[in-house]
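Where a number appears in this text, it was derived from the coordinates with a stated rule and is not lab data. Predicted, not measured: the structure shown is a model, and the values here were computed from it.
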């Protein structure tokens, strides 16, 4: 099964919520309360999205986060990559894992996997967050299962 991680899904939820309230500065506590996600998860995701330039961090007592670009210019691929790293269907397609497979140079399906990977990456890149959730609810916490466990098991964000 090919699946976007739960954290990447939560990252999309947060970005869509922020996009749905332009001009407002969002802090982790308020976003956690509004979305129903655990505050530590929200904090780590906001940091990851800011680190990759999807969000802008604003300091101060009334600080928080805003989108760094127009919602129409931020794609699902941007968020998935910010949270999970490069989009790759197999280990040999990951940028840092060249040579990870013993038969990589002889693999008859490598070209096909590259085509499939690029098609999925292009599909995710073609959908901006402005189209994913054009109208987020104002204050309706969503029941996210086991979000605390997701934060604990996410190696890329747990170290942040």
Problem - Shape category assigned to region 1-45 from the gyration tensor of Cα positions, a/c cut at 1.5 - result: oblate
Fill in the blank from the handout: Shape call for region 29-68, from the Cα gyration tensor axes a ≥ b ≥ c (a/c under 1.5 means rounded, otherwise prolate when a/b beats b/c, else oblate), comes out oblate
